[in-house]
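Let me begin by presenting the structure, written as structure tokens, before commenting on it.
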Amino acid sequence: MMVSKCRYKKRVSVNMGETEQRPTAGSRLGAQENAGISTLEHGQKPPMTPPGKLISIKIQMLDDTQETFDVPQRAPGKVLHDAVCNHLNLVEGDYFGLEFPDHKKMMVWLDLLKPVMKQIRRPKHVVVKFVVKFFPPDHAQLQEELTRYLFALQVKQDLAQGRLTCNDTSTALLISHVVQSEIGDFDETIDREHLAKNKYIPHQEALEDKIMEFHRSHMGQTPAESDFQLLEIARRLEMYGIRLHPAKDREGTKINLAVANTGILVFQGHTKINAFNWAKVRKLSFKRKRFLIKLRPDVNSSFQDTLEFLMASRDFCKSFWKICVEHHAFFRLFEEPKPKPKPVLFSRGSSFRFSGRTQKQVLDYVKEGGHKKVQFERKHSKIHSIRSLTAQPSEQRTEVPKQSSGFAYGDDNDAAAVQSCRQGKELKASTEDTGQHKSPSLKKSPKEGRKVDGAVVSTVEEEEEAAKDRMQQNRPQSQQPSTAGSLTGSPHLSELSINSQGGPSVVNMSLSPNLSPDAKQSSPLISPLLNDPSCIRADDEEEVKRKRFPTEKAYFIAKEAATTERTYLKDLEVITSWFQSSVSKEDCVPETLKNLIFSNFEPLHKFHTGFLKEIEQRLALWEGRSNAHIKGDYQRIGDVMLKNIQSMKQLTIHLWKHNEILMELENGIRNSRKLENFCRDFELQKVCYLPLNTFLLRPLHRLMHYKQIMERLCKHYPPSHIDFRDSRAALAEISEMVAQLHGNMIKMENFQKLHELKKDLIGIDNLVIPGREFIRLGSLSKLSGKGLQQRMFFLFNDILLYTSRGLTASNQFKVHGHLPLYGMTIEESEEEWGVPHCLTLRGQHQSIVVAASTRAEMDKWTEDIQMAIDLAEKSSGPAPELLASSPPDNNPLSVSDCTSLPAGLISDQRPVSISYVCWYRIQSLSFYDILQSNENQLSGNLLRKFKNSNGWQKLWVVFTNFCMFFYKSHQDNHPLASLPLLGYSLTIPSESENIHKDYVFKLHFKSHVYYFRAESEYTFERWMEVIRSATSSASRTQALSHKEPHAY
């Protein structure tokens, strides 16, 4: 932390109004000395200043200077707080608070209602700190430039003290904006001198080159823009605005509690493992050292009603409870809560209440313009600014930076770092073009932005929760939500991908700090697809656009070939560009493995780049967008497919190498911890939206897509059609390639799935062994002494594992036991145990009773377990010992224990595992389902609509791996959000839903409802077909009825 060499002091007498003429924080900023601006509502009177003896209170400002304020002994804390805000001419002082150590050396907040003297017992020996207390979800809600400047100082202070933790790239970028604000544009000599004199973080020397590299890109950036960009990066970090309070959970595990604008957060170390949204919290209380959270009842939830945490002492517990009460009131209430009437005889419980304006009142006050506009000049800056932004939302302010629409929000990731760094050069250009704008870093060489993608993809359910929560809370305000999203402990996947402060990663959002509460507010939790008008297509315009293009089915089949080819090419680029760029900067990947991967993938990428170009050219001719268009000659696609499929046969040698690539990579990971960490870190990037091994298998999946496309084309054409012969020939060629590689693909898919499950499970020595085949995974209830306990089961051809959801930071599944299938019997036992859909599994040494959620699920498990038993009987004997240790299941976690702190977020931020989805949605998946999902992949534009929204948003949607991934356009390198579909219902909207459009389908899960609209009957049927395959798991019999059998 840089400490100013000269400390200015000033004595301010509150009741006399006399000041010594010494430099102050306000005067150093160039502010005029005046009586200040009251933080009270318009028309209210300031609190009466009690007469009596004055006491001197030393206040340490955010710039590390100390000033002394004289206040009467009996004055309440609000008098001192207002005096500091008035002294700084700070309009939005409600975001700040006064913090001091009490008599037990515990840092507490100054109570604005209690007398100062009763709180600060020895004022001569205490230094009170003026710091940020309430961190809003969006720094664009801070209307005043001075407020953002003070927030930037707080971020700078938190970095120095180690409270704001992030990776080196984000740290360097944050410091570069601080340096830009302090000394202006980059000059290498001045930069080195400045960094040598000022230490912003410990061990800063290692980052100085990176800091200067980022600073170089901020040329021309004003201090106001630097503050804005600094806060833009900081607010996406998981520890932004977080103060950890040590505690223990019910099992005695050490954790940390924190409170934010969204609700109460739970950390293990510095990793967030859970969040409880205000909307789901019914009551907060404490009893001695126990902090209690009472949740609202939910008939669809299996969570326990009250959560309990143990803190170090009653004082610690009460202090944290007070902070929670204040945060809830400030961010959730419309106005300051009224004081409770004093009891006549005796009181019960604490009388503490929040005092001051709520965030809504602050925003309304600033919007009404009830304050003067004060010019000031910053230190180290020659730029004069108007502090106060106008209340008119349409008026533009040049000193407030505008974001390019390609700016990506992430969680402690280098995406933000690299994008923001480059963004500084494009700020002026982006003010003129706020439409579709690709991130500069994403189109440049991946070597520049190898870590551009580091955050978990947000789920689309969080967007809807955030929207509904804000609309219910504040209907008179903007129809665009601006509060935090739903982070409650929910048993479904709306929590799977939570970003800093509980919000999802969001990209492509235009921010402007001059938006008033009645104007459309930018929020870190609402998708840009909700806020960006350019995404909403007028219905009439869509109808006109639709009529311009061909309507025959063959055209839409050809268009599907083009759209899926675009996605396939992007998937290849994950390996050939992003992975290769990362590998080139590390020495952990053996040269033989590098050559093996890239020598086989680069020819594929080169070929399919040309293939896609030919398909798109043919579509352009077909649509009449070319002068060379002649009706009839170009209204076909079979000739293009035949030519390229024949050329593709020459690349078969590279496809046969994929088995070797997968084996060598996994062997390298097993033998090198450094390579294992490297691959795990690469999977944290947003561009790697699926497991890395899945991208290595994509070329084999693509062959099946070509076969399906040609089958549909041949089925559509009559034999007399001009394109029938070429289409049939292309189908014969691709069918031959698929038949040759099909067996190899199944083996690799099983190998990849075993390794994926190995990452999800703890307590296993040798899951991946020769001959082991994965069959099914899913959630079942296991009967024990405590009743039915939710367990995750994993069925293989020789063994059955049962696990529980872990509460560790990695959120893996903990193995409780295993049953060898050799000699096992299975029987239905509903009548014996009185439990619906109940099965008894009797092994040679152990028996267990399990229950499925539905009859259909029970039938699937019965069929697959019986098949696995038959396979085990035909094998040589019992399965080898699996577990590193076999923990007894005599004291298992109950359902409520496993989900009271649900690991809705994935702490290691790997791509969302299908095991997690099955756990939360109480579903199961078989190996047949996975094979089918590889064939049922689809890409294209859809219009999306929420249940309570009016407009339709045009999105580029990719369906794969039982999940829909949403992009703003097909050119984006990573998705904005994702929606896992297991457990969802797929239907057609009814008349009562008033969706008067063609080709609309509806996805529904509990309270989550989404409508999607396709462009034609063919695309509508295709989306229905592939989504139906993901929303319901087929039994083995159903799979074999239309699939060829896959030998285990």
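The values are calculated or read from the model by the stated rules, or taken from the named source; none is laboratory data. Just so we're clear, the structure is a prediction, and the values are computed from it rather than from any experiment. When we count neighbours, we look across all protein chains shown, and the Cβ atoms used for this are built from the backbone with ideal geometry, even at glycine. Note: accessible area is taken over every heavy atom of the protein model, side chains too, but ligands, DNA and RNA are not part of it. Shrake-Rupley method; radii C 1.70, N 1.55, O 1.52, S 1.80 Å.
Just a few scattered comments:
- Considering residues of segment 827-857 that are of a type in the set (S, T, N, Q) and exposed (fewer than 14 other Cβ atoms within 10 Å of the Cβ) only, the residue nearest to residue 787 (Cα to Cα): 847
- Scan segment 276-289 for residues that are over 13 Å from residue 328 (Cβ atoms), assigned to a strand (DSSP E or B) and open to solvent by 70 Å² or more (accessible area, probe 1.4 Å) and the total you get is 1.
- Complete set of residues in segment 963-983 that are over 18 Å from the mean Cα position of the chain (by Cα) and surrounded by 24 or more Cβ atoms within 10 Å (Cβ to Cβ): 982
- Extreme residue, surrounded by the fewest Cβ atoms within 10 Å (Cβ to Cβ), among residues of segment 185-205 that are outside any helix (DSSP H, G or I) and within 34 Å of the chain's Cα centre (by Cα): 203
- Verdict on residue 651 being assigned to a loop (DSSP other than H, G, I, E, B) and within 30 Å of residue 559 (Cα to Cα): no
- Of all the residues in segment 308-325, those that are among the hydrophobic types (A, V, I, L, M, F, W, C), over 21 Å from residue 135 (Cβ atoms) and crowded, with 17+ Cβ neighbours inside 10 Å number 4.
- Odd one out for residue 915, checked against (1) touching a Lys or Arg at 6+ places or on another chain (Cβ under 6 Å); (2) farther than 25 Å from residue 708 by Cα; (3) open to solvent by less than 20 Å² (accessible area, probe 1.4 Å): (1)
- When the residues of segment 69-81 are filtered to those that are of a type outside the set (Phe, Trp, Tyr) and open to solvent by less than 20 Å² (accessible area, probe 1.4 Å), the one that is farthest from the chain's Cα centre (by Cα) is 72.
- The residue list 700, 761, 692 contains one member that is within 30 Å of residue 814 (Cα to Cα) and out of contact with any Ser or Thr (no Cβ under 8 Å at 6 or more places or on another chain), which is 692.
- Just one of the numbered conditions (1) among the hydroxyl-bearing types (Ser, Thr, Tyr); (2) part of a helix (DSSP H, G or I); (3) surrounded by 19 or more Cβ atoms within 10 Å (Cβ to Cβ) is not true of residue 689: (2).
- Here residue 608 passes the criteria (1) open to solvent by 10 Å² or more (accessible area, probe 1.4 Å); (2) under 22 Å from residue 581 (Cα atoms) except the one numbered (1).
- Only one of the numbered conditions (1) touching a helix residue (DSSP H, G or I) at 6+ places or on another chain (Cβ under 6 Å); (2) open to solvent by 30 Å² or more (accessible area, probe 1.4 Å); (3) over 22 Å from residue 99 (Cα atoms) is not met by residue 236, and that is (2).
- Flag if residue 680 is out of contact with any strand residue (DSSP E or B) (no Cβ under 9 Å at 6 or more places or on another chain), assigned to a helix (DSSP H, G or I), open to solvent by 60 Å² or more (accessible area, probe 1.4 Å) and basic (Lys, Arg): yes
- Residue check for residue 255: touching a residue at least 40 places away in the same chain (Cβ under 8 Å), over 21 Å from residue 330 (Cβ atoms) and either open to solvent by 30 Å² or more (accessible area, probe 1.4 Å) or out of contact with any Cys (no Cβ under 6 Å at 6 or more places or on another chain) (or both): yes
- Any hit, segment 635-644, residues being surrounded by 14 or more Cβ atoms within 10 Å (Cβ to Cβ), assigned to a helix (DSSP H, G or I) and modelled with pLDDT under 90: no
- When the test is whether a residue is open to solvent by less than 20 Å² (accessible area, probe 1.4 Å), out of contact with any Asp or Glu (no Cβ under 9 Å at 6 or more places or on another chain) and either closer than 20 Å to residue 638 by Cα or free of Cβ contacts under 8 Å to residues at least 60 places away in the same chain (or both), residue 555 does not pass it.
- For segment 822-844, residues that are assigned to a loop (DSSP other than H, G, I, E, B) and touching a residue at least 12 places away in the same chain (Cβ under 8 Å) total 9.
- Sub-8 Å Cβ pairs linking a first residue in segment 70-86 that is of a type in the set (Asp, Glu) to a second residue that is part of a strand (DSSP E or B) and open to solvent by less than 30 Å² (accessible area, probe 1.4 Å), at least 6 apart or interchain, are 70/12; 70/13; 70/55; 70/57, ordered by first then second residue.
- Total residues in segment 209-244, condition over 14 Å from residue 169 (Cβ atoms) and not β-branched (Val, Ile, Thr): 22
- Of all residues assigned to segment 192-210, at least one qualifies as being over 30 Å from residue 317 (Cα atoms), aromatic (Phe, Trp, Tyr) and in contact (Cβ under 8 Å) with a residue 24 or more places away in the chain.
- Of all residues in segment 218-231, those that are under 22 Å from residue 166 (Cα atoms) and either crowded, with 24+ Cβ neighbours inside 10 Å or of a type in the set (Val, Ile, Thr) (or both) total 7.
- Residue selected from segment 55-68 under the condition open to solvent by 10 Å² or more (accessible area, probe 1.4 Å) and polar (S, T, N, Q), by the criterion farthest from residue 200 (Cα to Cα): 56
- When restricted to residues that are among the polar types (S, T, N, Q), touching a residue at least 60 places away in the same chain (Cβ under 8 Å) and in a helix (DSSP H, G or I), segment 990-1021 contains 1.
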